[in-house]
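Taking it in order: structure first as structure tokens, then the write-up.
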Ligand SMILES: [Zn+2]
Ligand SMILES: [Zn+2]
């Protein structure tokens, strides 16, 4: 089935489902696939895209190409709180009065992002990186920013508060459609996939279609790092959550997957299999590195990335360390590594 691409970039997937390529400025991902689902009460969007004037225009033009005015959008279902998915939700709601639905765990991230003063975030990040073994010169800019009370310049700092809960396992209240929420934590604590429990319009074998957000993508491994929460010291296991969530969507065996980046694809169990194998390979590699005691920072320095560590920019190093920590926590949970008692910064060693 060759997707039909028109200008504006809209793909019709059949059975009252379209996707619109909404650009993400200056980002190698290129675009977010915002999905449009026709219901008996009007158009419902799955995700909205990055908050940028060009992205907003592309979304509006794309909707128009599907015969929908932004003002007519009835509801917005958000897979997770990241700004390339939830960025334009406030604008859509403002233009249409649409409701916005999100899983409670990500809604709580949104509330924290809106309410925590920037210095609290800087201090939290500085403390976390110090505990992970980051060198002083890496942490210093965060400490300075916290002391100076500098505003955060990252995008998506004023995300829309959702007004509906997405309840795992339940059907969303959509007139004339069967869309079930599948909780898939890992990439974020409240990530959800949405399972459209209807026959595939082209008769593909399998169970309905799955809007997979960032959980399951055809050619990219989503970032799995630590859940950032200055208000909660619980030791979470995001990689363990992610691997469990992968099994959950493989078991659904959808006929087609409609992800939020790249392109639609089939054979979820095969894709899940290769992602599970990828993370197992990473865990094995980390286990070998932990033959001698190392901090999360030192692990990140030695792990394989898409370029040498020396060339990885500041912000990406923070993401890399978070990813190393998520993997080492998994090893600890599996009994394959342990924390060296009294280590400061926190040091791990293979068991
Ligand atoms: Zn994401
Ligand atoms: Zn994304």
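Assorted remarks:
- Residue 49 away from ligand 1 (no atom under 16 Å from the Cβ), at positive phi and either assigned to a loop (DSSP other than H, G, I, E, B) or in contact with a helix residue (DSSP H, G or I) (Cβ under 8 Å, 6 or more places away or on another chain) (or both): no
- Some residue of the range 31-44 being out of contact with any helix residue (DSSP H, G or I) (no Cβ under 7 Å at 6 or more places or on another chain), within 16 Å of ligand 2 (Cβ to nearest atom) and without any contact (Cβ under 8 Å) to a residue 24 or more places away in the chain: no
- Residues that are in a loop (DSSP other than H, G, I, E, B), touching a helix residue (DSSP H, G or I) at 6+ places or on another chain (Cβ under 9 Å) and within 22 Å of residue 187 (Cα to Cα) within the range 308-346 comprise 312, 334, listed in sequence order.
- Residue in the range 33-40 that is assigned by TED's automatic domain parsing to the domain that holds residue 211, part of a loop (DSSP other than H, G, I, E, B) and in contact with a strand residue (DSSP E or B) (Cβ under 8 Å, 6 or more places away or on another chain) present: no
- Scanning the range 70-93 for residues that are away from ligand 1 (no atom under 16 Å from the Cβ) and free of Cβ contacts under 8 Å to residues at least 24 places away in the same chain turns up nothing.
- The range 218-259, residues that are assigned to a helix (DSSP H, G or I) and within 30 Å of residue 14 (Cβ to Cβ): 245, 246, 247, 248, 249, 250, 251, 252
- Which listed residue is part of a loop (DSSP other than H, G, I, E, B) and not assigned by TED's automatic domain parsing to the domain that holds residue 169, from 280, 304: 304
The values are calculated or read from the model by the stated rules, or taken from the named source; none is laboratory data. Just so we're clear, the structure is a prediction, and the values are computed from it rather than from any experiment. Here the Cβ is made from the backbone with ideal geometry for all residues, glycine too, and neighbour counts use every protein chain on show.
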